[in-house]
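Single-structure report; data block below.
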Amino acid sequence: MVFPTGRRLFVVATVVVVVLMAVAATVYRVLAPAEVSTAAAGAYPTAATPSPGLVARLPVAPLVVDGRIRVYASERQVYADEPVEFKHRSTPYWSFRRWPAELEGVVASGHTVVTQWSDGQVVALDGRTGQVAWRAEGPVPEHDTESRRTGAETVWNPAGLFLASAADTSVVLAAGGDAMAGWNLADGQRLWQSDVRPGCQQAIGTSTAGALVSVDSCGPAATIDFRDAATGAVTRWSPPGGGETLVVTPLGCHSGRSGCAGLRTAVGPGDDAARGWLFGPGEPVAAPVLDAPDTRLAGDVAVGVRDGVLVAREARTGSERWRHEDVGGARVLAVEPDRVHLITESNNLITLDSVSGDQRSRFQLSLGTDSTSWAPGAAYAVDGYLAVECLRLPVDAEADDQGYFLTSRPVLLAAT
């Protein structure tokens, strides 16, 4: 049957419109902003108490939350698995994904997991279920560098997301290019927000005194600002000998750059005149034992290796507390308030009690038949767990991930 020309054109046009509408609907479903939350199906696991030793070998960096689950980051997703002591990454216990926003940082307190996204949203998740506890609009974070595939920077050392305790309140703090803000961790209530001059403020971390610490580089001389975590009120401090630039390193942090007990200031990278400081109720107090760039702060103890000897001193007085002369080529890999983690040249992990200096554990950091010849990369320690990236020798910071990491599962998780 032959349609008249006019009717044929009408049918063709109708079909074209239908097809275009179907394509448009498909494109919208694929490209439209979306959020997918997959809640936990099983019961919240009990806290693990594994014996000292290697726990797991993982392809990505874990954040140990509440001693019960491991949380990971990918470009647009945060997800968890369990139990903590399982030797491989397992099927996600829960997951939370957003698109097209990118995940910028993850922090955790108790069973609450807080995430920061590239569009400024701060989303708190209940780690027991994976469900959203609260969300808030926050400052848009500055995104400077691409994370490597382990996601270590996102979960171990986020640049713009922190936790602090102030006025008996646990506070979530977010910093962006032009603003900073704080929320009550329990319910997401906004406590304060303040605008800052773009490019002027670099967030450093939070202090044990309950402040968000940042460097203001836009004045005649660089200064350090302390913003009260609960109110946003600012106290400004100028370290002696400061100049137009100021390099600040947080010290003695509980996790990542949150809950730090002190800091080190220098007028430039590698500055021989660097000075260490401890936080308190007023201005930071000078702590000369923290001046050396490789000295760590574990609780109230400063530890560092000098001429093959590990020495621990009272951070405030400088008096020696204990020493170990048998550490050889070991160096401090990470610290916790109650532990000092050393790594030897043959990649043995030695953990000492920070107060007494007594050895808690010692074992080889390896798994399977792979070579033990590797260099430690980023490391993270919390609640007796330690995780470290294994890098290929010789280390090439400019290499791609395949050339940079030792294997496809380069992260070792240990109980100490």
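The values are calculated or read from the model by the stated rules, or taken from the named source; none is laboratory data. Remember, it's a predicted structure, so these values are computed and weren't measured experimentally. Quick reminder, even Gly has a Cβ in these numbers, built from the backbone with ideal geometry, and neighbours come from all protein chains shown. The protein model used for the area step is the full one, side chains on, heavy atoms only, and it has no ligands, DNA or RNA in it. Shrake-Rupley method; radii C 1.70, N 1.55, O 1.52, S 1.80 Å.
Values for this structure:
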{"item": "Test: residue 98 is in contact with a Gly (Cβ under 9 Å, 6 or more places away or on another chain), outside any loop (DSSP other than H, G, I, E, B), open to solvent by 20 Å² or more (accessible area, probe 1.4 Å) and not hydroxyl-bearing (Ser, Thr, Tyr)", "result": "no"}
{"item": "Single residue of the stretch 158-176 satisfying the filter (of a type in the set (A, V, I, L, M) and modelled with pLDDT under 95) that is most open to solvent (accessible area, probe 1.4 Å)", "result": "167"}
{"item": "Long-range neighbours under 6 Å by Cβ, at least six apart or interchain, first residue more than 17 Å from residue 94 (Cβ to Cβ) and open to solvent by 30 Å² or more (accessible area, probe 1.4 Å) within the stretch 36-58, second of a type in the set (S, T, N, Q) and in a strand (DSSP E or B)", "result": "52/361"}
{"item": "Positions within the stretch 323-353 being open to solvent by 20 Å² or more (accessible area, probe 1.4 Å) and in contact (Cβ under 8 Å) with a residue 24 or more places away in the chain, in sequence order", "result": "323, 324, 331, 335, 337, 338, 339, 346"}
{"item": "Elements of type strands (runs of 3 or more DSSP E) contained in the stretch 106-147, each with 2 or more residues being surrounded by fewer than 20 Cβ atoms within 10 Å (Cβ to Cβ) and on the phi > 0 side of the Ramachandran plot", "result": "none"}
{"item": "Test for residue 207: is it modelled with pLDDT of 95 or more and open to solvent by 10 Å² or more (accessible area, probe 1.4 Å)", "result": "no"}
{"item": "Extreme residue, farthest from residue 209 (Cα to Cα), among residues of the stretch 177-197 that are open to solvent by less than 10 Å² (accessible area, probe 1.4 Å) and of a type in the set (Gly, Ala, Ser)", "result": "179"}
{"item": "Count of residues meeting criterion [open to solvent by 30 Å² or more (accessible area, probe 1.4 Å), closer than 16 Å to residue 263 by Cβ and β-branched (Val, Ile, Thr)] in the stretch 281-311", "result": "2"}
{"item": "Check on residue 70, open to solvent by less than 10 Å² (accessible area, probe 1.4 Å) and charged (D, E, K, R)", "result": "yes"}
